[in-house]
Amino acid sequence: MSRGVLTKSVTYEHPPQAVWLALTDARALAEWMMPNDFPAEPSVGDEFTLMCDPIPMRGALTHARCRVLECEPNRRLSYSLLDVIEKEKGRNAPETVVTYALEALGDGGTRLTLTHSGLDRLGLWTRLMAKVGWMGVFKQLGKVLANVSPSVSGEVGFTPGAVPLEKRCYKVKTIPTELTR
């Protein structure tokens, strides 16, 4: 990771349509990342929130306001991310940008490349938390992909429950239940 940009690539045995669904379905996103109100059919300019209960250590993202910047289904998704809690506390909370690029592989799999930019405007501890956090959520994403499958009509669907609530990357005590299912 350079000071300002974190880049990580992961290969999954699933086609881009399945990985895209895991990135954009609010229920799937809640299992591998955070509870959210991601739009059903995202488009540039849409806003959404990622949230979980506060974590005692500073630098752990718990509530982010986001805006879709790029949206090319099955290829590329980019959104801004602003830590609302840090901002409300008057701490340094600049907007960063998360970009997912999906590349179809010849064997039917997908290379997913994450780029999280703007980290140079954050403190050292927060940058380290971002690096560690992304490693953890990509492991969970692999579990969620096991529950993404084509339907009879050829559409890709998601069956919730790949990652039980107690095994997710976050704790939930105050988040509305509809955002965690």
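The numbers here are math on the coordinates, done by the rules we state, and not lab data. Computed from a predicted structure; not experimentally measured. Cβ atoms come from the backbone with ideal geometry, glycine included; neighbour counts cover every protein chain shown.
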task: Note the full-extension length gain between R76 and S43 as 0.36 nm times their separation in residues minus their Cα-Cα distance, in nm to one decimal.
output: 10.7 nm
query: Counting other C-beta atoms within 10 Å, which of T96, T126, T7 has the fewest, and how do the rest follow?
result: T7, T126, T96
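Can you sort S80, S43 by how many other beta carbons sit within 10 Å, fewest first?
On the way: S80 16, S43 8.
So the residues, fewest neighbours to most, are S43, S80.
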